Amino acid sequence: MDLSNYDCAGLFDEMFDENGSCRDHYKTFEKLLKKTGPKKLKQLQFSANKTQLAMGMTFNVYHNEQGLEKILHLDIIPRIIANQEWLQLEAGLRQRIKALNLFIQDIYNEQEILNDGVVPRDLIENSKDFLKPCIGITPPKGIWCHITGTDLIRDNSGEYFVLEDNLRCPSGVSYMLESREIIKRAFPDLINKAGVMPVSNYPTRLLQMLQHLSNKEKPVVGVLTPGIYNSAYFEHSYLALQMGAELVTGEDLIVKDKKVYMQTTKGFEPIDVLYRRIDDTFLDPLVFNPDSMLGIPGIFEAYKAGNIALANAPGTGVADDKAVYAYVPDIIKYYLNEAPILNNVPTYLCRKPDERQYVLDHIEELVVKETNAAGGYGMLIGPKSGPEEHEKFRELIKKNPNNYIAQPTLSLSTVPTLTDEGLESRHVDLRPYVLYGEEIEAVPGALSRVALKKGSLVVNSSQGGGSKDTWVLY
């Protein structure tokens, strides 16, 4: 493969520096690329696509109320992270999760950060994800956010920024694990030669973290899924299988005397820990959404009685709010008395009159987001949109300013990606996963999402993005 024509387009590229020279941590992979012809790479890509389908690595995209099953396209060119870079990311993620956990505990209990005016009280109490039934609760071992997927991006200077905190039901980790297995087949000797840290022990670490939440010597662990029609069902079933845990839906569970049981062919069996993959408000129709067909009546009382551990804890979603995100640097300072190791993307809160006016005046330059939307929906990318879209979002902001934030349009870093024309640069983000059990640990890998359309900044799978295996080097 000839790499001399690769164009970084003046952006920060993960593999090549501004002079077109390969970065040190990519050099082992560069040698392999130079020895591999375009035809061979396309064959490897074809095989990877077939393997994904055979494994059932699919997700559903819902459009016009119909589900379309698709594979999350895995590009065979990996994204590689040097060890020193990873150590800084790991430290920043641990700091952030520690502070956010203290924040969630505080706002549902003493509310000192609200009383001190560091975070506005109305921002929290008016959030749809602030669950009043959780007030006064301390979850098992004092941990709220057991599994976090933090979205990071890299700007033109090569600095990492946190784009989003996913503390509710972060998805995508199964793609990280299965992608590694597929890429191992494509480049069988290279993983060891390059010194890539393994991710295959994630299910074991996840299980240990979940077991840590129970005081029983051998707790029964289950994965609570909405069912086969959910977009992430592949992941739910995959993780349950890898952990040797029970895969259950709400219909499989029943609460008796504030204890949770599974209905099995042998009768009722107790269950102690649930890794829930359904939203907070669908958990218990007696407490939250009365129309929920997915939840288990009475499970919240069992949870409050300490008879079931839930990961992530109900109520954690309040820290997912994009407006709360803007206060995370202050949250870190408040609870840890430290400066953030990883910075936020500069954020304008439309709830503040002066910042709202700036957004309205400069909407063509900014990315505008709904505070509670996910998956790339409810978003405007100003420079890529026309006057009609700009005006539509101006009206939406004026109508409900609390519901919107805005950020400058950052030029996400790029990474070589295999296309029909050869290797081309495509924008990429990074979602590492952090487990909080006996200690806070970041898994040495990530889901790297890549924008497959040339020039696009939208990496979400639901919006046509793909993925890459992420190699963290020793």
Students often get this wrong: which residues of region 26-45 have the backbone nitrogen under 19 Å from the point 7 angstrom along Cα-to-C-beta of Ser4?
30-39
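What number comes out for the charge environment of Asn307, summing +1 per Lys or Arg and -1 per Asp or Glu over other residues with Cβ under 12 Å away? Spell out each step's value before the answer.
Values: positive: Lys216, Lys256, Lys258, Lys259, Lys304; negative: Asp257, Asp272, Glu301.
Cβ neighbours under 12 Å give a net charge of +2.
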About its Cα centre, what dipole magnitude does region 230-367 give when the only charges are +1 on Lys and Arg Cβ and -1 on Asp and Glu Cβ, stated in debye to the nearest 20?
420 debye
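In Å², and per residue, what accessible area does region 197-252 have when probed at 1.4 Å with the other protein chains present?
Values: 2690 Å² over 56 residues.
Roughly 48 Å² per residue, with all protein chains present.
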Rounded, prolate or oblate: which one fits region 328-368, using the alpha carbon gyration tensor with axes a ≥ b ≥ c (rounded when a/c is under 1.5, else prolate when a/b beats b/c, else oblate)?
prolate
Suppose each label sits 7 Å from its Cα in the direction of the beta carbon; what would the Lys50-Asp17 distance come out to in nanometres?
4.1 nm
Given +1 on the Cβ of Lys and Arg, -1 on the Cβ of Asp and Glu, and no further charges, what dipole in debye does region 346-408 carry about its Cα centre, rounded to the nearest 20?
260 debye
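Among residues other than Lys184 whose Cβ falls under 11 Å from its Cβ, what is the net charge (Lys/Arg +1, Asp/Glu -1)? Spell out each step's value before the answer.
Details: positive: Arg180, Arg185; negative: Glu178, Glu181, Asp189, Asp469.
Net of charged neighbours comes to -2.
Shape of the chain from its Cα gyration tensor (a ≥ b ≥ c, root eigenvalues): rounded if a/c is under 1.5, otherwise prolate when a/b > b/c, or oblate?
Values: a/c = 1.70, a/b = 1.22, b/c = 1.39.
In terms of gyration-tensor shape, oblate.
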Tell me the net charge near Gly298. Cut-off is 12 Å between Cβ atoms, Gly298 excluded, with +1 for each Lys or Arg and -1 for each Asp or Glu.
+1
Once amide H atoms are placed 1.01 Å from N in the peptide plane, what residues at a sequence separation of 5 or more from Leu430, or on another chain, have their amide H within under 5 Å of its amide H?
Leu152, Arg449
Å² per residue, accessible surface of region 106-190 at 1.4 Å:
35 Å²
Between the DSSP loop rule and a limit of at most 12 other Cβ atoms within 10 Å, which GluC sites (Glu not before Pro) in region 324-388 are left?
Glu338
What length, rounded to one decimal in nm, is gained on full extension from Asn400 through to Asp155, with 0.36 nm per residue of separation minus their alpha-carbon distance?
85.2 nm
Measure up Lys132/Lys258; Lys70/Lys369; Lys333/Lys392 against 31 Å on the Cα-Cα distance and list the ones that go over.
Lys333/Lys392
Over region 346-408, give the accessible area per residue in Å² for a 1.4 Å probe, as an integer.
51 Å²
Report, in whole Å, the centroid distance computed from the Cα atoms of region 95-109 and region 130-176.
11 Å
Return the loop-located chymotrypsin sites (Phe, Trp or Tyr not before Pro) in region 185-294 (DSSP other than H, G, I, E, B) with at most 11 other Cβ atoms within 10 Å of their own Cβ; answer none if there are none.
Tyr229
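How much of the accessible area of region 346-408, in percent, comes from carbon and sulfur atoms when a 1.4 Å probe is used?
Values: 1630 of 3240 Å².
The computed percentage sits at 50.
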With +1 on each Lys and Arg Cβ and -1 on each Asp and Glu Cβ, how big is the dipole of region 198-277 about its Cα centre, in debye rounded to the nearest 20?
180 debye
In the chain, taking the dipole from +1 charges on Lys and Arg beta carbons and -1 charges on Asp and Glu beta carbons about the Cα centre, the listed residue (Val220, Val458, Val324) farthest towards the positive end is Val220
CD proxy at 222 nm, helix term only [per DSSP H run n ≥ 4: -39500 (n - 2.57); per residue of the chain; nearest 500]:
-9000 deg cm²/dmol
Contour minus end-to-end for Tyr358 and Met293, with contour as 0.36 nm per residue of separation and end-to-end as the Cα-Cα distance?
19.1 nm
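So in the chain, what percent of DSSP beta bridges are antiparallel if you round to the nearest 5?
On the way: 51 of 69 bridges.
Beta bridges within the chain, antiparallel portion: roughly 75 percent.
Between Gln208 and Gln242, 0.36 nm times their residue separation minus their Cα-Cα distance comes to what?
Numbers: separation 34, 0.36 × 34 = 12.24 nm, distance 1.25 nm.
Difference between extended and current length: 11.0 nm.
Loop-only check: which GluC sites (Glu not before Pro) in region 169-276 are DSSP coil with at most 14 other Cβ within 10 angstrom?
For GluC sites (Glu not before Pro) across region 169-276 that sit outside H, G, I, E and B with at most 14 neighbouring Cβ atoms in 10 Å, the list reads Glu217.
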C-alpha center-to-center spacing [region 370-442, region 1-49] in angstrom
26 Å
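The values are calculated or read from the model by the stated rules, or taken from the named source; none is laboratory data. What you see is a predicted model, and the numbers here were worked out from it, not measured in a lab. Don't worry about glycine lacking a Cβ; one is built from the backbone with ideal geometry, like all the others, and counts go over all protein chains shown. Quick note on the areas: whole protein, heavy atoms, side chains included, nothing else; ligands and nucleic acids left out. Shrake-Rupley method; radii C 1.70, N 1.55, O 1.52, S 1.80 Å.
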